[in-house]
1. Just need the relative contact order of chain A here, percent rounded to a whole number, with Cα pairs under 8 Å and 6+ apart.
2. Note every residue of segment B:570-602 with a reduction of at least 40 square angstrom in accessible area, all protein chains present versus the isolated chain, computed with a 1.4 Å probe, or write none.
3. Stokes-Einstein diffusion coefficient for segment B:216-332 at 10 °C in a medium of 1.306 mPa s, Rh from the Kirkwood formula over Cα pairs: what value in µm²/s?
4. Apply the a/c threshold of 1.5 to the C-alpha gyration tensor of segment A:9-231 and tell me whether it is rounded, prolate or oblate.
5. With only alpha-carbon pairs counted, each pair once and no self-pairs, how large is the Kirkwood hydrodynamic radius of segment A:37-76 in angstroms?
6. Ignoring ligands, DNA and RNA, what accessible area per residue does chain B give at 1.4 Å, in Å²?
7. As an exercise, use a Förster radius of 30 Å and the Cβ-Cβ distance of A:L8 and A:I134 to find the FRET efficiency, rounded to the nearest 0.05.
8. Quick check: Cα centre of segment A:174-221 to Cα centre of segment B:383-431, how many Å?
Amino acid sequence: MRPSAVRLLNVLVPIKRTIDYAVKIRVNPQQTGVDTNVKHSMNPFDEIAVEEAVRLREKLKDAVKSIKVITIGPPKASETLRTALAMGADAGIHVEVPEASPSPEPLGVAKALQAVIKREKEGVDLVILGKQAIDDDAGQTGQMLAGLMGWSQATFASKIVVDTEKKEASVTREIDGGLEEIRCRLPLVLTTDLRLNEPRYASLPNIMKAKKKPIEKLSASDLGVDLTPILETLKVTEPPKRTGGQKVESVDELVQKLKDAGITAVA
Amino acid sequence: MIRARGHRALVRQIRALHSTARCRRELFDPSTVERASDEVDVCIVGGGPAGLSAAIRLKQLEQEKGNEVRVVVLEKGSEIGSHILSGAVVEPRALNELLPSWKDHPDNPLTQPALHDHMRFLTPNKSFWMPHPPQMSNKGNYITSLSRFTAWLGSIAEEMGVEVYPGFAGAGLVYGEDGKSVRGVTTNEVGLDRQGRMKDAFEPGMEFRAKVTLVAEGAHGSLTKQLTKKFDLRKDCDPQTYGIGLKEVWRVDPSQYRPGEVMHLMGYPLDNKTYGGAFVYHMADGLVTMGLVIGLDYPNPYLSPYSELQRMKHHPYFQTLLSGDATRIAYGARTLNEGGLQSIPKLSFPGGALIGCSAGFVNVPKIKGTHNAMKTGMLAAEAAYDAVAKTSHESEEAADMTKYEETFKNSWVYEELKEVRNLRPSFNTPLGVFGGVMYSGLDTYILKGRVPWTFRNKQKVTDASHTKRASEVQPIKYPPFQPPLSTDLLTSLALTGTNHAEDQPIHLRVTKDGKEDLEVRRKHVERNVGEFAGLLGRACPAGVYEYVEDEEGAKTAGWGGKTLVINSQNCIHCKLCDIKVPTQDINWTVPEGGGGPKYTIT
């Protein structure tokens, strides 16, 4: 007996092009930001997200209808999309922002994603994002998107099991005290944590195949979204250089030094 | 029957529990692996100036003459330019031929012309004016970051339809059935663990079957080594000799910035027995690129190129240059060829050719090799284009690239190298650097190489064999580092952005005469620590090699209570170890692609 028609899953994976994690960051001379003339790559947590989407397809097979990756960024971000396509995504969407414009903020990104999801004719059942981007460490986009869409959210996921028949997902989350297991109804916003999986390499044959996969180009105005930042960065500086510590000979000396520094005893 | 079913179910359960456990991983066997394969017309290993110039030239010929040619460039760096390090003052001679309208290109990085040339001699505390050979005049040349220049060439190549694949190293060669010709290249395997076993993410390297393979790996390339051995390409030439170039890029105080200034320095910190010198070039955007080149035939095993660079910065000349509001933004190192005309091997082999620094075309007195690398790339491309039309993948005869050798001999590259062929060898007499300077003065100002003699290295003395024993020399005492001007090695190393995935086979192999066992390791430690004061630990500009105290480990793999630790993750792909190790038992092989330094401004 054939099972009742299960709606096939459409997965959306937003990714971000960030400075490569191995590069040494430098504040630019104007102190307005970081020197971006360095190597960029896909945000490592987003790589985990793409990997999870591809693994879901490997596990659920035909139940996963499509995996789309989307990025909101400058023209060069299409290279990052190609890497995701080489890892196993089907198609890409590039919301292009001009090279010189400031990086979009989480709320702007969430609104753009909301607009894209509304546009998708087939709908979206699962959005898998990285838990945070390694350049701003904001960790807000997934949560904001879930709020805007009114969907369930499971963040900092370290294990995901999807049941397409029940339209539910069982997610293990990394929390301060340990692990928390929750059951969520689809449609669902997930954000990935480090222990979820180890991303695969984009192999050369797959990179060559990825060149033929479609990338749709959109602009913020096509989506009816304003990506102008609400926050203004006043100044960016490096953390103060560590000065050497001092060794003291006795407890009394330590107490005296603490007093000199203006630290008073409690109680 | 029931028992068998039960047993199978049990095995399946156990397998499910241990699906990624290390004990279940299989060892990788290169002879039985199945590779994805693709056919191309020309496969170029190395996305540097030579490789990209060849690629661009091929596509130009395709547009001119009509025969389509599929060109693939493989580059082990994560991006084009990531593994490129040089001074650099580029002579645009080859670029003018390759892309005559390059000046109109909006992104071209040749924005800072070289304006003034200077040469000075440094003593520990002072500096004196020195005359410089006419070859070192830089009128018409440009000061630029070669990494940026190469990235720009890469974008042009891609626009023209070249398939550029960064992140994939040319790891092995595909030979014809008779083993006498090269039919292509294989890329590196990914997903092997430290012991060489296949992880879940394992993918075998891909095979590119190419009618013509152009090897453009830069100085002392790994495939070049294999080819040299297989086809005996060095039968009739002198051994290649090398220098190590280490450099830093600083954003200097505006008061110290003199755009277009080209300064070369000799003397301190190097002694009369050590060939080398320093350079300081003022690039565009307030940046100064400065560094030190040391000939790898240096005799004293205590010499540490990194420490020489650091102590040089405390000379009054550099103290002033780097005073005020100065920040260091880059560091890196790479070996370069110094052998000149006498060390050029046979350039072609059945099915391919060597271009650029893989063969070795650096004009040492000019301290320039980029224009020669680009030109040889272009010449090889022209020969390859014709060869591709005449060959097929299945034919018995591999592509014949001998035309390239002819065109090379008739080119301005050959002429240039012929003129300066005696200069570098003239430093290898008992008169040391002094003798070299004197002869070079004579030759460059008056003789201009028009002499019947050519200084040869008939005894085939290599850089490694020039090294004296520790007992025969005085240890060098380096001053402690004084931040912010000079720092320790690991702080500088962080600026290279180098990294390699940790769980992969170590790409630096300790191997001698085909053997790679503990005995080889023991002998290596015994000779290097016992006789040569642990040279690699002092010489490597990335802190890869350490001879550490390890009583237990020394019993099996060490000597004298010490073992060799190879921190291969730090490697910046300079190749110094392979060249200089006195026991000649380090084989540099390619790691997983995409690792290594992430240079952008060097």
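The values are calculated or read from the model by the stated rules, or taken from the named source; none is laboratory data. Being a predicted model, the structure only gives us computed values, none of them experimental. Cβ atoms come from the backbone with ideal geometry, glycine included; neighbour counts cover every protein chain shown. Note: accessible area is taken over every heavy atom of the protein model, side chains too, but ligands, DNA and RNA are not part of it. Shrake-Rupley method; radii C 1.70, N 1.55, O 1.52, S 1.80 Å.
1. 23 percent
2. B:K598, B:T600
3. Answer, rounded: 98 µm²/s.
4. On the way: a/c = 1.40, a/b = 1.32, b/c = 1.06.
In terms of gyration-tensor shape, rounded.
5. 12.0 Å
6. Details: 25380 Å² over 602 residues.
Heavy-atom SASA per residue in chain B reads 42 Å².
7. Numbers: r = 33 Å, r/R0 = 1.10.
That pair, A:L8 with A:I134, gives E of 0.35.
8. Segment A:174-221 and segment B:383-431 have Cα centres separated by 50 Å.
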